[in-house]
Structures are given as C-alpha cells and as structure tokens.
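Encoded as structure tokens, the structure appears first; notes follow it.
What follows is calculated from the coordinates using simple rules that are stated; it is not laboratory data. Computed from a predicted structure; not experimentally measured. Backbone-built Cβ (ideal geometry, glycine too); neighbour counts: all protein chains shown.
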Amino acid sequence: MRVVAGEKGGLQLKAVPGKQTRPTTDKVKEAIFNMVGPFFADGSCLDLYAGSGGLGIEALSRGIKSCVFVDSQKQAIETIHANLAHTSLQDQSSVYRNDSMRALKALIKREATFSLIFLDPPYAKAEQQLKTGLALISDYDLLQVGGTIVCETGAVTTLPIDIGGLLKVRDELYGDTRISLYERRSSR
C-alpha cells in the first residue's frame, strides 16, 4: 500500500494488522481519485471507517487542506497515527476513535462540513450503514454544496439513486469492489 500521487506520492503506508480491516487497493484508490480529482486546490475531507487512513492521506497528498479520520478499532487508530507521522501530515489531520454513527452525530454538533467524504465500512454491513450514514450527512448538511461522497462497497451492494439532497452520479465496478459517488447539488 502506498500514496499513489501528489506531494507524498510513492511513500509506503502501513496496513492495519489482522484481518478485520480491508485496505483499499492502490488500483481502486487511483480510480477513485481519477473520478473525484485527481488533484485539489483546497477543501476538507472526512475519512469515516478510515482503517489505515489511506484514502484521507491520498486526499491530503493531492491538495486537500485538512482531514478528519475516524475508526472504531484501536489498531486502526495506531496505524493512522503511524502513517500520518511517516507522511508528515499530522498538522493537517484530526484522528478520532469512535463508532461511525456517534462520530457523525459529534460532527453535526460541531457544525462541521466537508467537501469530500469517504465511506468505506466493512462490506458485510455496508448497505445499512451507508444508507443510515448518507441520510445523516444529507439531513444535517455535513457535505458542502458541490461536494462528493465516495462509497466503497462489495460488488453486490446496490445503493439508492438519491438519499435526501444527495444524488448518485457515478457507479463503477472494480473486480469485487463497487465505487458509488454521491454529490450534493444544492442547499435546501
């Protein structure tokens, strides 16, 4: 696993030890950023279900100015901290150990907003967690107008075309991985 492109391109990243976390492959990561970027002049990012932090770190390397990383596993949080130290991106990052829904509710209370959100839950629980998470993000305006949400699921998972103010604008298969992109088109 590595940072594919940008300021930190080529740097190796550690994977979370054990089998509870499935890292996004470099091929899928590159495809994701070709769809949403590939580079950014500014913006803020949320990497929910962050695992090793690879997606958020890639966004920072490509020009996103700040990223919030959230994962519920202790080993994942330790790996994110190690990867941020290795890439010297700690000053642009906040890392929280929390359940995804509790983290979203905390971000809502802080009135946080993001231009880019990554949602990559365990494939077995993905459909229900994503529908609930997308509804919260939509209802409480966590995604900025014109912002993008990247949902990574197993190939068999199908998400709705729209959830609240979010519209699915792209849906691609990469082997056993499905990438669905949602955008917030306008304010309510």
Nearest 10 degrees, 0 to 90: helix 126-139 Cα axis against the chain principal axis: 70 degrees
In sequence order, calculated HN-Hα J values of region 147-160 (Karplus, 6.51, -1.76, 1.60; Hz; x Gly/Pro): x, 10, 10, 10, 9, 10, 9, x, 4, 7, 7, 10, 9, x
Relative contact order [Cα under 8 Å, 6+ residues apart], region 73-153, whole percent: 33 percent
Debye, to nearest 20: dipole size of region 117-188, +1 on Lys, Arg Cβ, -1 on Asp, Glu Cβ: 180 debye
Cα-only radius of gyration and Dmax that characterise region 89-163, units Å: 12.8, 38
Net charge dipole size for region 105-158 [Lys, Arg +1 and Asp, Glu -1 on Cβ; Debye, nearest 20]: 180 debye
Selected from Ser94, Gly165, Gly154, residue furthest toward positive end of dipole (region 66-188; charges at beta carbon): Gly165
Cα-centred dipole magnitude for the chain, charges only on beta-carbon of K, R (+1) and D, E (-1), debye, nearest 20: 260 debye
Selection from Gln75, Gly56, Val3 lying farthest towards where the dipole of region 1-123 points positive, charges on Cβ: Gln75
Rounded to whole Hz, the Karplus (6.51, -1.76, 1.60) HN-Hα couplings of region 88-105, x for glycine and proline: 6, 10, 4, 5, 9, 10, 10, 10, 10, 9, 6, 5, 4, 5, 5, 5, 4, 5
Cβ-isolated cysteines (cut-off 4.7 Å), the chain: Cys151
GNM flexibility winner over the chain from Asp47, Asp26, Asp176 (Cα, springs under 10 Å): Asp176
28 Å Cα-Cα reach of Lys125 towards lysines, excluding residues that sit fewer than 8 places from it in its own chain: Lys14, Lys19, Lys27, Lys29, Lys74, Lys105, Lys109, Lys168
Euclidean distance between Cα centres, region 64-107 to region 136-183, Å: 21 Å
Thr177 long-range amide H proximity, modeled H, under 5 Å: Ala155
